[in-house]
């Protein structure tokens, strides 16, 4: 059963080059996203990171599947020792001096339904915080510093 993917859009007061660097440079990513040991925006590059809440931490297994520099980054998103695979797509749209980011997370319905950690609401909450608060604050701090 295919369900609607989760889509969120936010606009940042930053040029597209800065936004691209923030979503593809591991040193910047760890300041607002997850601490990823290694990351390269190259098709076929595999990366992992730990995430979760409270005492339940999940190993995320990801593989870059599409890269269009400054425009689009897509990667798979799965969990070690759990069934299911999803895909996260970051799309960047230049709007003057600002950049609109559209994030689509599809395939959430492939994760185990009997585990409440994989409920769509958790992804909605997580991505809303990451794009709406964490990444927004990252660019606002960078603006003050420059």
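The values are calculated or read from the model by the stated rules, or taken from the named source; none is laboratory data. Remember, it's a predicted structure, so these values are computed and weren't measured experimentally. Cβ sites come from the backbone with ideal geometry, for glycine too, and all protein chains shown count toward neighbours.
Inspect segment 137-144 for any residue being under 14 Å from the mean Cα position of the chain (by Cα), surrounded by fewer than 14 Cβ atoms within 10 Å (Cβ to Cβ) and under 24 Å from residue 12 (Cβ atoms) and give the result as yes or no. No, that holds for no residue.
Residues are listed down the side, and each one gets a yes or a no for (1) surrounded by fewer than 14 Cβ atoms within 10 Å (Cβ to Cβ); (2) in contact with a helix residue (DSSP H, G or I) (Cβ under 9 Å, 6 or more places away or on another chain):
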residue	(1), (2)
76	no, no
81	yes, no
87	no, no
90	no, yes
102	no, no
107	no, no
111	no, yes
120	no, yes
123	no, yes
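So is residue 64 surrounded by fewer than 15 Cβ atoms within 10 Å (Cβ to Cβ) and either touching a strand residue (DSSP E or B) at 6+ places or on another chain (Cβ under 6 Å) or at positive phi (or both) or not? No; evaluated as a whole, the condition is false for this residue.
Restricting segment 104-146 to residues that are out of contact with any strand residue (DSSP E or B) (no Cβ under 6 Å at 6 or more places or on another chain) and not in a helix (DSSP H, G or I), the residue that is nearest to residue 62 (Cα to Cα) is 111. Listed conditions (1) modelled with pLDDT under 95; (2) surrounded by 14 or more Cβ atoms within 10 Å (Cβ to Cβ); (3) outside any strand (DSSP E or B) are all met by residue 58, apart from (3). Among residues of segment 69-95 that are touching a residue at least 24 places away in the same chain (Cβ under 8 Å) and on the phi > 0 side of the Ramachandran plot, those with a beta-carbon under 7 Å from a residue that is surrounded by 14 or more Cβ atoms within 10 Å (Cβ to Cβ) and assigned to a loop (DSSP other than H, G, I, E, B) at least six positions away or on a different chain give the pairs 84/111.
Of the residues making up segment 17-54, those that are in a loop (DSSP other than H, G, I, E, B) and surrounded by 13 or more Cβ atoms within 10 Å (Cβ to Cβ) are 25, 33, 34, 36, 39, 40, 41, 45.
Okay, residues lined up against (1) in contact (Cβ under 8 Å) with a residue 24 or more places away in the chain; (2) closer than 19 Å to residue 136 by Cβ:
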site: 4; (1), (2): no, no
site: 15; (1), (2): yes, yes
site: 98; (1), (2): yes, yes
site: 112; (1), (2): yes, no
